[in-house]
Amino acid sequence: MLGWYEIHALPGKGRQVVLKDAEGRPLLHGVRTRSDAAARAQIERIRESCMIDERYDIKTSATSKWYFYLTGSDQTVLGVSPLAGTLNIRDAYIGAIRAHGGSTSVRDYTKPFP
């Protein structure tokens, strides 16, 4: 089973996309967008970029933890990974994003429940 994307409301009418794996663990937190349409466009860009090695910009935090940015074709940051304590965990996040990034399932948590 593939994971899914979630769209969450942020203060000030902002939106954030989160890619989750099949067990609901967050794999990638998208950058803040201003609208539902921008959030959905960001999902499409993540889908397009997640299979391209050059789109993973590897970083090391001040606490020596690994993380990465997923970038678009224009080098804009689409999202950031959780911190990983080892290279193996970081590489597992990249593999999981490749495995689940093509998901077409989107859960929109910006709308009020009936």
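The values are calculated or read from the model by the stated rules, or taken from the named source; none is laboratory data. Quantities reported herein were computed from a predicted structural model and do not represent experimental measurements. Please note: Cβ atoms are built from the backbone with ideal geometry, for glycine as well, and neighbour counts cover all protein chains shown. Side chains are part of the model used for accessible areas, which takes the heavy atoms of the whole protein and leaves out ligands, DNA and RNA. Shrake-Rupley method; radii C 1.70, N 1.55, O 1.52, S 1.80 Å.
Side notes on the structure shown:
- Share of carbon and sulfur in the accessible area of the range 9-114 stands at 55%, probe radius 1.4 Å.
- Net length gained if the chain between Ala38 and Thr86 were fully extended (0.36 nm per residue, minus Cα distance): 14.0 nm
- Nearest-0.05 FRET efficiency for Ala22 and Lys111, computed from C-beta distance (R0 30 Å): 0.80
- Legend: calculated FRET efficiency, Arg98 to Ser64, from the Cβ-Cβ distance at R0 = 25 Å, rounded to 0.05, equals 0.50.
- Where trypsin sites (Lys or Arg not before Pro) in DSSP loops with at most 16 other Cβ within 10 Å are excluded, longest remaining stretch of the chain: 66-114
- Rounded to whole numbers, the Karplus 3J(HN,Hα) couplings from phi for the range 51-59 are 9, 9, 3, 5, 8, 9, 9, 6, 9 Hz, using 6.51 cos²θ - 1.76 cosθ + 1.60 with θ = phi - 60°, and x at Gly and Pro.
- Summed over qualifying helices (DSSP H, 4 residues or more, each -39500 (n - 2.57)) and divided by its residue number, the chain shows a 222 nm mean residue ellipticity of -8000 deg cm²/dmol.
- Cα-derived Rg to Rh of the chain, Kirkwood definition: 0.97
- A straight line joining the Cα centroids of the range 76-91 and the range 7-34 runs 16 Å.
- Surface analysis of the chain yields an accessible area of 57 Å² per residue, using protein heavy atoms and a 1.4 Å probe.
- Under 5 Å from the amide H of Leu27 lie the amide H atoms of Leu19, Lys20, Asp21, each residue being 5 or more positions distant or on a separate chain, with H modelled from the backbone and absent for Pro and chain starts.
- Converting phi to 3J(HN,Hα) with the Karplus coefficients 6.51, -1.76 and 1.60 and the offset θ = phi - 60°, the range 90-97 yields 4, 5, 5, 4, 4, x, 5, 5 Hz in sequence order, with x at every glycine or proline.
- Oblate is the label for the range 64-107. Its Cα gyration tensor axes, ordered a ≥ b ≥ c, give a/c of at least 1.5 and b/c at or above a/b.
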